[in-house]
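Colleague: Below: one structure in C-alpha cells.
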Amino acid sequence: MSPNGTDAHRTESDLPPLVAQAVTAAREAGFANSCRPEQGRLLRALAGGAHARIGETGTGFGVGLAWLATGAREGVRLVSAERDEARAAAAGRLFAGHPAVRVLHADWTELYRHAPYDLLVLDGGGQAKGGPPALLPGDPGEAADPVRLLTPGGVLVIDDFTPSADWPPLHRGEPDRARLHWLRHPALRAVELPLASDLSVILGVRTPLGTDVPDRLSAPSWRPGSTEVRGGDPQGRRPRSAGADSLRIRLLRAGHRPFTRAFGVCDDGPMRPLYSVPLGIAATGAACLVYSAGYEVRSFRLRRVDVPILPKGARPIRVLQVSDIHMVAGQRKKHRWLQSLAALRPDLVVNTGDNLSDPDGIPYALDALGPLMEFPGAYVFGSNDYYGPAKKNPARYLKALRTGVHGLNNPDGTGRRGITGACHIEWEQLRDGFDAAGWLNLTNTRGRLKVAGLDIEFTGLDDPHIRRDRYAEVAGGPSADADLSLAVVHAPYLRVLDAFAADRYPLILAGHTHGGQLCIPFYGALVTNCDLDTDRVKGLSSHQADGHRSYLHVSAGCGTNRYTPIRFACPPEATLLTLTPKP
C-alpha cells in the first residue's frame, strides 16, 4: 500500500468498475494507503499470466485486489490476507459476488496454507517483505519464503520502494536490507522496475530449482560514472537481473508504460560489437536447450485447482487428473513421481490418455500407476495408446497454425485419411490392466462410480485427434438421477467441447496439449496441437455453447513424445482438482 494511493485514483477516468468501487469504499472510510494506479495496472497485467492461484498480503479495502481480479483469467482463485478486522470485513463485502476471490482476516502467514501461487503480491505496510531477521516464524520481520509460496516460474511482486541512484540502494543512509534481500535472493531472478519517479517495485521469478541462481546483483559498492565495481559488471554498468527485458516486454504488450529514467533497468551501457550478437543468441539457445532437455522435462509438479460444481452441502471431493504420461522403459524419475502421487489419497483418479511413448512401455506404465489404481478411477485413451511414436519434424506443429490441419482433422471439420506407417501398440494389455483395477473404461460410453457418498456419472469419448470420437453414442447430457456428471476426453477439440457444453456438463476434463510444451516466458504457448486457442492450453478455464458455460480443465501432462524429450516454460504436471459446493 502507498501513502495517498487512494487519492491518486482521482485523476483516473477509466478505472475498471470493481476498482472504482474499492476506491470509493477506501475514500469513504478515510483510508489513504491503497495501491497507486501505476501499481494497479502492473498487477492487472501480471494477473493475466496466472493459471491457478494468486495471493496478496495486506488487502486494505481491496483496491489492489480489485486490480488483480480484473486482470485474472476465469477459474483463477485469489486469496488475500488482512490483519485489520474492519478492513477485512469491508473488502469481504466488496467481493461477495465474486466466488473466485477470498478475503481472510488473518496474518500474512495464513497464505502458506493456500500455496503455491502463480503470482504473489507482498503488500500491506511491510508484511512478509523482510528486514531485520525474525526471531520466530511468523514474527513481523520474517520474510516470505518464495520456494514454499510460489510455483516454479511463479512471479513475486514486492511494492512501494523509492528508486535509488546508488548501489547498494540506501534507506535512511544505510544499505536497504529489505530491498537487497529480494534482489539477491537465491530462489529468484529479480529486477527492480520503476513505475514513477518516486515509486518502484521488485519483480522476482522463482527459479525451477529455487537455488543456484547467479548473484548478478551482488556488487557491494557502485557509484554512477565509476568503472570500479567489485562483484558486479567490470564495465561499470549497473548490475541487472536477467529477467528485466522479458518482464518489460510483457508489461508493454499489456499496455503498461513504466517510468524508466529513475534508474537503468534498460541501460546496457556502451553497445557491444555487432559480431557478439549472433554468438550471444547461439549461447542463449544452447543454454535453453540444455535446461529444457536436462532439467525441466523432469521437473514434475502438482497443480491445485478448486472447481465449485458440487451440490450444496456436499463435502469436497479431491480428483487427481493424470495425462500424457508417454511412458518409456527406463524413465525411473517419472515412475517414482507417479507412484508418489498416491500419498495425496485422492477420492478419484481420472486418466485422460496418452499413457505410452514406447510399444514396450505398457508394464512400466501399469507399474507406475499401480498405487493410484487402488483408488476409484476412470480413463480414456489417446492416439499414443494405440500407435507408437514416429520421428517427425517438430515444425509441423507451427505449420498447423497456418493450415488448420491437426491429426486427422481438416479445418473444415472433415476427416483426413487414416494413419499410415505407424507402429500399432498392443493397447488391449493397457486396457485390461486398468479394467482389472476397477477403473471405468469411458471409450465412447458412460459409466458411474460412488465417490464420497455421491453418485457420479461419467461420459467419455475416444480420441478426437484421430477421429475415434462418437458423440452420437453418448449424447443426451447428464442423467437426472446422478448427483454429478463429468465429461472426459483426451484431445479438447472444439466440436467435442461444444457438444459437452451444450449438453450442460458442469466440468470437462482433457489433456493432449502438453500445455504447449515449448512456451515463451511471460507470453505463453504457441500451439495446442488441436483447434483449441492457446489461452486455454492448460489449467482451468471455461467453454460456452448454446447458452451454457462449462468448466474446462486441460492438463499439461507429465510426459513428451520420446523423440522430442524437451519442455520449456511448461513443466510436467498432474492436477489435484478439489470439487467444492456451488456458491
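The values are calculated or read from the model by the stated rules, or taken from the named source; none is laboratory data. Only a predicted model underlies this, so the values are computations on that prediction, with no experimental measurement involved. Quick reminder, even Gly has a Cβ in these numbers, built from the backbone with ideal geometry, and neighbours come from all protein chains shown. Calculation scope for accessible area: heavy atoms of the full protein, side chains included, ligands and nucleic acids excluded. Shrake-Rupley method; radii C 1.70, N 1.55, O 1.52, S 1.80 Å.
Colleague: Over the Cα atoms of segment 37-107, how large are the radius of gyration and the largest Cα-Cα distance (Dmax), in Å?
Modeller: Looking at segment 37-107, its Cα Rg and Dmax stand at 11.1, 31 Å.
Colleague: Separate question: Just want to confirm a number: the relative contact order over segment 368-510, from Cα pairs under 8 angstrom separated by 6+ residues, in percent.
Modeller: Once normalised by length, the contact order is 23 percent.
Colleague: Something else: What is the sum of charges around LEU518, taking Lys and Arg as +1, Asp and Glu as -1, for the other residues whose C-beta is under 14 Å from the C-beta of LEU518?
Modeller: Taking every Cβ under 14 Å from that of LEU518, the sum is +2.
Colleague: Now for a separate question. For ALA96 and ILE419 in the same chain, what is the full-extension length gain: residue separation times 0.36 nm, less their Cα-Cα distance, in nm?
Modeller: 111.0 nm
Colleague: Can I ask one more? Using 0.36 nm per residue of separation minus the Cα-Cα distance, give me the extension gain between GLU174 and ALA452 in nm, one decimal.
Modeller: Gain on stretching GLU174 to ALA452: 94.2 nm.
Colleague: Right, something else. Taking 26 Å as the cut-off for C-alpha to C-alpha distance, list the pairs among LYS538/LYS582; LYS312/LYS334; LYS334/LYS450; LYS334/LYS538; LYS333/LYS450 that go past it.
Modeller: From the list (LYS538/LYS582; LYS312/LYS334; LYS334/LYS450; LYS334/LYS538; LYS333/LYS450), the Cα-Cα distance tops 26 Å for LYS312/LYS334; LYS334/LYS450; LYS333/LYS450.
Colleague: Under the Karplus relation 6.51 cos²θ - 1.76 cosθ + 1.60, θ = phi - 60°, what is the ordered set of whole-Hz ³J(HN,Hα) values for segment 427-437, x standing for Gly and Pro?
Modeller: 5, 4, 5, 5, 4, 5, x, 5, 5, 5, 7
Colleague: To continue, here is another question. Packing-wise, with mean Cβ within 10 Å as the measure, how do 496-505, 456-465 rank, highest first?
Modeller: 456-465, 496-505
Colleague: A further question on this structure: Amide H of LEU104: which non-local residues (sequence gap of 5 or more, or other chain) have their own amide H closer than 5 Å, using H built in the peptide plane?
Modeller: The list, which skips near neighbours in sequence, is SER80, ALA81, GLU82.
Colleague: Using the Karplus equation 6.51 cos²θ - 1.76 cosθ + 1.60 (θ = phi - 60°), what ³J(HN,Hα) coupling, rounded to whole Hz, does each residue of segment 462-469 give in order, writing x for Gly and Pro?
Modeller: Each residue's phi maps through the Karplus curve to give 6, 5, x, 4, 10, 6, 9, 6 Hz.
Colleague: Please compute the Kirkwood hydrodynamic radius of segment 1-62 from all pairs of different C-alpha atoms, in Å with one decimal.
Modeller: By the Kirkwood definition, the hydrodynamic radius is 12.1 Å.
Colleague: Using mean Cβ contacts within 10 Å as the protection proxy, how do 359-372, 300-313 order, highest first?
Modeller: 359-372, 300-313
Colleague: Here's another thing I want to ask about it. Roll a 1.4 angstrom probe over the protein heavy atoms and tell me the percent of accessible area of segment 143-205 that is carbon or sulfur.
Modeller: Its accessible area is 49 percent carbon and sulfur atoms.
Colleague: Something else about it: Once Rh for segment 380-441 is found with the Kirkwood sum over Cα pairs, what is the Stokes-Einstein diffusion coefficient at 37 °C and 0.692 mPa s, in µm²/s?
Modeller: Taking Rh from Cα pairs, D becomes 235 µm²/s.
Colleague: Ok, one more. For segment 278-389, what % of the accessible area comes from carbon and sulfur atoms, probe 1.4 Å?
Modeller: 59
Colleague: Can you tell me the FRET efficiency between GLU12 and ARG504 if r is taken as the Cβ-Cβ distance and R0 is 51 Å, rounded to the nearest 0.05?
Modeller: The calculated FRET efficiency here is 0.80.
Colleague: Around LEU518, which amide H atoms from residues at least 5 apart in sequence, or from another chain, sit under 5 Å from its own amide H, with H modelled in the peptide plane?
Modeller: Amide H to amide H, under 5 Å and 5 or more residues apart or across chains, LEU518 pairs with PHE568.
Colleague: Below 8 Å, C-alpha to C-alpha, sequence gap of six or more: please give me the relative contact order for segment 24-105 in percent.
Modeller: 29
Colleague: If you split all Cα-Cα distances of segment 436-536 into 10 Å bins from zero, what percentages do you get per bin, shortest first?
Modeller: 15, 42, 28, 13, 1
Colleague: With every atom except the alpha carbons ignored, what do you get for Rg and Dmax of segment 308-454, in angstroms?
Modeller: Gyration radius and largest Cα-Cα distance of segment 308-454: 17.6, 53 Å.
Colleague: Hey, another quick one. Using the heavy atoms of the protein chains and a 1.4 angstrom probe, tell me the accessible area per residue for segment 303-436 in square angstrom.
Modeller: On a per-residue basis, 46 Å².
Colleague: Near ARG470, within a Cβ-to-Cβ distance under 15 Å, what is the net charge of the other residues, with Lys and Arg +1 and Asp and Glu -1?
Modeller: -1
Colleague: If you count, for each residue, the other Cβ atoms within 10 Å and average over each peptide, how do 562-569, 171-178, 57-64, 185-192 line up from highest to lowest?
Modeller: In decreasing order of mean packing, 562-569, 171-178, 57-64, 185-192 become 57-64, 185-192, 562-569, 171-178.
Colleague: Let me ask something additional. When you take every Cα atom in segment 467-583, what is the radius of gyration, and what is Dmax, the widest Cα pair distance, in Å?
Modeller: Looking at segment 467-583, its Cα Rg and Dmax stand at 15.1, 46 Å.
Colleague: Can you give me the P(r) profile for segment 306-375? Cα pairs, bins 10 angstrom wide beginning at 0, each as a whole percent.
Modeller: Histogram of Cα-Cα distances, whole percents per bin: 20, 46, 22, 10, 2.
Colleague: Let me ask something else about it. Using modelled backbone amide H atoms (1.01 Å from N, in-plane), which distant-in-sequence or interchain residues come within less than 5 Å of ARG301's amide H?
Modeller: GLU573, ALA574
Colleague: If you don't mind, there's one more thing I want to ask. Tally Lys/Arg at +1 and Asp/Glu at -1 over every other residue whose Cβ is under 15 Å from the Cβ of ARG10; what's the total?
Modeller: -3
Colleague: Taking all protein chains in place and a 1.4 Å probe, what share, in percent, of the accessible surface of segment 429-583 do carbon and sulfur account for?
Modeller: 48
Colleague: Here's another thing I want to ask about it. With an 8 Å cut-off on Cα pairs and a minimum separation of 6 or more residues, tell me the relative contact order of segment 336-411 in percent.
Modeller: 34
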